[in-house]
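What follows is a short report on a single structure.
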Amino acid sequence: MRHSFIDRYANLDSPLHMLEPRTKLIGFTGMIVAILMTPPTHGFAFFVYLFLIAIFMGISQIPLPYLVGRALLLLPFVLLAAVATPRTNGQGLYAFGIVLVRSILCLLILILLTNTTRFTEMLKGLQGLGCPRILTLNLGFLYRYLFVLTDETLRMRQARDCRRVRRAGMVDELKLLGSMLGTLLARSFERAESMYQAMLSRGFAGKFYVTSPRKFSWLDLGFLSAMAVFLAISLWR
Amino acid sequence: MDDYAVRLTRLSYTYPDGSKALDGLDLDVRKGERIAVVGPSGAGKSTLLLHLNGILAGSGTVRVLGRPVEEPNLEVIRKEVGLVFQDPNDQLFCPTVYEDIAFGPLNLSVPPEEIPRRVERALHDVGLEYTIRSRSSHHLSQGERKRVALATVLVMQPAILALDEPTSNLDPRNRRHLIELMASLSATLVIATHDLELVLSLCQRTVLLDRGKIWADGETRQLLGNDRLMKEHGLEVPLSLRVFDRMARPS
């Protein structure tokens, strides 16, 4: 079955895609930190950030509707977070607005990051930056089996729909959902066991090895220095 | 040094839930032999394969290339016995094809600079383009996945290949490719399968396994052609043999 993948446009080859994953991780994280640290009084700075993100979006060659669509998909969560922020200094609506703007900007950056970097390269980047192997490994498994799990869920839903003529009551629906989740969990356990057996069969002895990552180039150096200068200026004021 | 690839003596295995999967098996496989293990579902075929490289350990002895399958030998034995699982989704657990194929050799401490060459070779052996290496397994078709699963094992250059239902879920063309591929290998093959036509075209010898016991062991055509035996164990004489039999009979 076909899914919309989280890194659907990660295989393009724009300058942004060609950057070493570590560069992007550092650069984009730096930007997120800057956005979060910019005081609410510096309203203008947020426009500068948005402008920069818009430039990146342009460079990335990813269709704009896709990027915006992704952001809209996650908007409800952002709204929830914004509503939940405590408003102490009497500037309720303004504080709400600032949290909203910050969240949306960060969201756009993350969407850009995940769609300009292949997931596997991102994992290598994280590892190169000292992220523990066990964590990147589990993220790797997650990425690999997310699709298997989605497939199984979709198939199970189809099987359910084939045998169901009309909707049952709320309680029965929930019961059905519960047993479907249970089945999925049981299957995942079995899958994990077979997978581990497959790993052992290929000589796994508790230690993981990696193949060599992408090279650091002048493009990366340029990107990082430009980013550093920009952030320094925007935070200086 | 004997010339047996695999020797099982009185092998029994009981699953943790108490169900007996293997019940006193004796089986010898000579080097270079291609042997099929047939039997109804739940006969113990997959469990048997998992004993060949020490993933499961029952009572009795398992010897591979003269070595007992026990803790100190497991590293060598897992290099020599390549196990291909029925579901490629179990076998392919890495984010990309390349990493999956490189997983085994890296565990065997193959020098890193030799890995790309080995991966390329393995992909070539299973009839896939080298460009497929950077793709994720979930983007592949079932046929491609099965082949990559085989490549992840071939890359370790095993002396013995144990395959669990290699042709299940394959369309006729992919099935044909896979059979040709298996026929071209020089390794000892142990194939657990329901695909009796595959057995006829590939294996000289067949073992019939049912309820954890071996009921027959012999020349493939003779064994698969035994109508009474096959029916008794939930199988049937392959169509090609029946047709051949009818044609050979004087009218």
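The values are calculated or read from the model by the stated rules, or taken from the named source; none is laboratory data. The structure displayed is predicted, hence computed values, not measured ones. Glycine gets a Cβ as well: all are built from the backbone with ideal geometry, and neighbour counts include every protein chain shown.
Remarks
- Any hit, the stretch A:157-168, residues being within 30 Å of A:ARG133 (Cα to Cα) and either modelled with pLDDT of 85 or more or exposed (fewer than 14 other Cβ atoms within 10 Å of the Cβ) (or both): no
- Odd one out for B:THR96, checked against (1) β-branched (Val, Ile, Thr); (2) farther than 26 Å from B:HIS138 by Cα; (3) modelled with pLDDT under 90: (2)
- Among the residues making up the stretch B:111-131, those that are within 23 Å of the chain's Cα centre (by Cα) and part of a helix (DSSP H, G or I) are B:ARG118, B:VAL119, B:GLU120, B:ARG121, B:ALA122, B:LEU123, B:HIS124, B:ASP125.
- Qualifying positions in the stretch A:106-128 - among the aliphatic types (A, V, I, L, M) and either in contact with a strand residue (DSSP E or B) (Cβ under 7 Å, 6 or more places away or on another chain) or over 14 Å from A:ALA81 (Cα atoms) (or both): A:LEU108, A:ILE109, A:LEU110, A:ILE111, A:LEU112, A:LEU113, A:MET122, A:LEU123, A:LEU126
Conditions tested, residue by residue: (1) under 25 Å from A:LEU219 (Cβ atoms); (2) assigned by TED's automatic domain parsing to the domain that holds A:ALA228; (3) hydrophobic (A, V, I, L, M, F, W, C); (4) under 18 Å from the mean Cα position of the chain (by Cα).
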site	(1), (2), (3), (4)
A:GLY27	yes, yes, no, yes
A:VAL33	yes, yes, yes, yes
A:ILE55	yes, yes, yes, no
A:ARG70	no, yes, no, yes
A:VAL99	no, yes, yes, no
A:LEU113	yes, yes, yes, yes
A:THR116	yes, yes, no, yes
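- Residue in the stretch B:117-142 that is farthest from the other protein chains (Cβ to nearest Cβ), counting only those that are among the small types (Gly, Ala, Ser) and surrounded by fewer than 17 Cβ atoms within 10 Å (Cβ to Cβ): B:GLY127
- Restricting the first member to the stretch A:142-153 and to residues that are facing chain B (nearest Cβ under 8 Å), and the second to residues that are surrounded by 15 or more Cβ atoms within 10 Å (Cβ to Cβ) and part of a helix (DSSP H, G or I), the beta-carbon pairs closer than 6 Å and six or more apart or on different chains are A:TYR143/A:PHE119; A:PHE147/B:HIS138; A:VAL148/B:ASN89.
- Total residues in the stretch B:22-56 satisfying the condition of being small (Gly, Ala, Ser) and over 18 Å from the mean Cα position of the chain (by Cα): the figure is 1.
- Checklist (1) surrounded by fewer than 17 Cβ atoms within 10 Å (Cβ to Cβ); (2) modelled with pLDDT under 85; (3) under 23 Å from B:PRO95 (Cα atoms) applied to A:PHE119, failing item: (1)
Okay, residues lined up against (1) more than 9 Å from every other protein chain (Cβ to nearest Cβ); (2) modelled with pLDDT under 85; (3) under 25 Å from the mean Cα position of the chain (by Cα); (4) part of a helix (DSSP H, G or I):
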{"site": "A:ARG187", "(1), (2), (3), (4)": "yes, no, no, yes"}
{"site": "A:GLN197", "(1), (2), (3), (4)": "no, no, no, yes"}
{"site": "A:LEU200", "(1), (2), (3), (4)": "no, no, no, yes"}
{"site": "A:ALA205", "(1), (2), (3), (4)": "no, yes, no, no"}
{"site": "A:THR211", "(1), (2), (3), (4)": "no, yes, yes, no"}
{"site": "A:LEU219", "(1), (2), (3), (4)": "yes, yes, yes, yes"}
{"site": "A:VAL229", "(1), (2), (3), (4)": "yes, yes, no, yes"}
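- Selection status of A:ALA54, out of contact with any strand residue (DSSP E or B) (no Cβ under 8 Å at 6 or more places or on another chain) and either farther than 30 Å from A:LEU123 by Cα or of a type in the set (Lys, Arg) (or both): no
- Candidate set from the stretch B:101-115 (those that are out of contact with any Lys or Arg (no Cβ under 9 Å at 6 or more places or on another chain) and buried (at least 16 other Cβ atoms within 10 Å of the Cβ)); member that is nearest to A:ARG202 (Cα to Cα): B:LEU106
- The condition (being among the small types (Gly, Ala, Ser) and more than 25 Å from A:SER234 (Cβ to Cβ)) is satisfied by just one residue among A:GLY69, A:GLY58, A:GLY30: A:GLY69.
- The one condition in (1) under 14 Å from A:GLU121 (Cβ atoms); (2) in the same structural domain as A:GLY92 (by TED's automatic domain parsing) that A:ASP7 fails to fulfil: (2)
- Scanning the stretch A:122-135 for residues that are modelled with pLDDT under 85, outside any helix (DSSP H, G or I) and within 12 Å of chain B (Cβ to nearest Cβ) turns up nothing.
- Residue match in the stretch A:22-41 (condition: buried (at least 18 other Cβ atoms within 10 Å of the Cβ) and farther than 19 Å from A:SER225 by Cα): yes
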